[in-house]
1. Highest mean first, how do 201-214, 224-237, 105-118, 66-79 rank when packing is the count of other Cβ atoms within 10 Å averaged over residues?
2. Would you report the distance distribution of C-alpha pairs in the range 256-306 as whole percents per 10 angstrom bin, up to the bin with the largest distance?
3. Just to be sure I understand: if I project the alpha-carbon convex hull of the range 212-295 onto a plane and average over all orientations, what area do I get in nm²?
4. Tyr375: net charge of surrounding residues, Cβ under 13 Å, Lys/Arg +1, Asp/Glu -1, itself excluded?
5. At a temperature of 20 °C and a viscosity of 1.002 mPa s, determine how fast the range 84-180 diffuses translationally according to Stokes-Einstein, using the Kirkwood radius over alpha-carbon pairs as Rh; express D in µm²/s, rounded to the nearest whole number.
6. Accessible area of the range 209-358 with a 1.4 Å probe: how many percent of it is carbon plus sulfur?
7. Using a 10 Å cut-off on Cβ atoms, rank the peptides 327-337, 175-185 from the highest mean neighbour count down.
8. For the pairs Lys298/Lys385; Lys126/Lys226; Lys159/Lys282; Lys298/Lys389; Lys229/Lys389; Lys252/Lys282, flag any whose C-alpha to C-alpha distance is greater than 23 Å.
Amino acid sequence: MDLCTTLLLAALAAGPAPEAGGDAGVPAPAFEPDAGAKPPDVPAVAEPSQLSPPKPAPKVETEAGPRELLVGLSGVFRPFLSVQTWFFYDRFPPSGCSASDCVTSFSTFRFRRAEMGLTGELLDGKLAYKATIEPARLLEFVDKTLKVSGTPNATVVAKQPQQSSSILNDLLATYLFTAVDITAGQFRVPVSWEGYNSSARLLFPERALVTRIYGDRRDIGLRLAKTFKHFGYGVFLFNGAGQNNLDVNNGKDAAVRLETYPIEGMILALAYYGSVGLRADKGARDFLEADFRYQSQKVGPVSFLVQSEFIRGWNRPETNAPFNPSYGFYVAAAATALDTVQAAVRFTHFDPSLGREGAGAFAPGVGFNSEVNVYEAGLNWFIRKDEVKIQASYGFFDWKTVPAEHQVIVSNQLSF
């Protein structure tokens with residue numbers, strides 16, 4: 001997608017994306033609101049959390065037309081679209097390789113994200129809803145070699161999906177009350193600020209390694225939550241079976257997230273996520289997470305952002321086996337000049353088994369079994385805040401037991 005196409009699509013946008021990053025004057029909220037973001041040019045108000053949807057935004061009409069449609073007797077409907085294309089280069093060691101001379105490289109253009117959906121309110125703002133799909137998940141099937149059950153050393157080649165083939169992301173309804181909002185459906189698991197937020201508001205094109213491992217997941221369940229001026233809370237109950245999966249047992253996963261907003265632009269949060277019932281079974285897990293984010297007001301033409309997360313995990317690899325401990329954290333900082341150009345750096349550390357290499361390393365959904373330090377630098381160009389931007393980043397992955405990995409990502413993002 002070239003820049004002219006990007007600007008044309010932005011001009012035809014039906015509604016805005018959440019604002020952050022490129023606007024130092026607005027505090028970065030802890031969560032993406034379920035019921036849609038406010039239109040531009042509306043006076044900034046604190047929207048610190050996705051724990052509960054905000055009240056309907058004031059209706060704003062421009063020459064481009066209305067940004068929301070009326071539905072039913074007293075409801076509104078807001079469509080949105082988020083498109084992200086990448087050029088990706090990766091210089092990495094193949095699986096099982098420990099020598100520097102076997103490092104290979106890979107590059108590709110790809111559509112990283114293509115999320116589309118709708119949000120809104122019904123019954124005079126007493127019921128909010130959200131539904132999103134992501135067609136970019138559905139890639140063509142490829143040939144894979146599979147083992148034949150019951151026949152030693154026998155294999156067969158068959159067409160298999162490259163990844164999860166379901167394109168449904170979010171599907172939820174929220175009943176809005178004074179002290180609590182009740183949500184049922186499929187939505188993000190509240191582990192990690194980056195993992196629970198929209199990709200449109202990320203500091204780098206991709207989430208930090210540690211937040212991709214522990215967070216950035218969805219599940220089907222129930223949420224009781226509410227956001228107030230200086231704090232927010234959320235209590236969650238999930239199937240624990242993952243995105244687009246029904247539960248297959250009586251065990252569930254539960255979570256609690258507490259947030260506070262002591263000053264404008266600052267977020268402090270603690271979260272717990274763990275298995276409830278059947279804790280002796282394979283896959284039982286616990287996570288403890290703390291995150292901090294502060295977006296400063298402008299100092300002259302420059303504003304600053306500091307963000308950090310720490311996550312400690314325990315995972316049971318087999319039934320009745322001991323829990324494997326692990327942990328990871330990242331620290332990131334950025335400076336934005338004239339609300340247009342942003343330079344960012346990030347350091348990430350992930351230890352899958354607290355130094356016990358090969359001792360049943362913890363790797364939920366990822367094949368990592370080695371301690372790693374990740375050094376990243378990025379440059380962002382905000383064409384229209386986070387709604388239209390171009391991002392570029394370089395990452396150096398310093399693995400403890402395999403050769404280092406190098407990654408370059410150039411991303412073109414549209415969210416409206």
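The values are calculated or read from the model by the stated rules, or taken from the named source; none is laboratory data. Everything numeric here is computed off the predicted structure, so don't read it as measured data. With ideal geometry, Cβ positions are generated from the backbone for all residues, glycine too; neighbour counts draw on all protein chains shown. We work out accessible area using only protein heavy atoms, side chains counted, and drop any ligands, DNA or RNA first. Shrake-Rupley method; radii C 1.70, N 1.55, O 1.52, S 1.80 Å.
1. Details: 201-214: 23.6, 224-237: 18.4, 105-118: 14.4, 66-79: 16.0.
Packing proxy ranking, top to bottom: 201-214, 224-237, 66-79, 105-118.
2. 21, 31, 22, 15, 8, 2
3. Details: hull surface 24.8 nm².
Directional mean of the projected Cα hull area for the range 212-295 stands at 6.2 nm².
4. Values: positive: Arg346; negative: Glu376, Asp398, Glu405.
Result for the neighbourhood of Tyr375: -2.
5. Translational diffusion coefficient: 117 µm²/s.
6. Using a 1.4 Å probe with all protein chains present, the range 209-358 comes out at 67 percent carbon and sulfur.
7. Working: 327-337: 19.5, 175-185: 15.0.
Ranking, from highest mean packing down: 327-337, 175-185.
8. As for pairs spanning more than 23 Å Cα to Cα, those are Lys159/Lys282; Lys229/Lys389.
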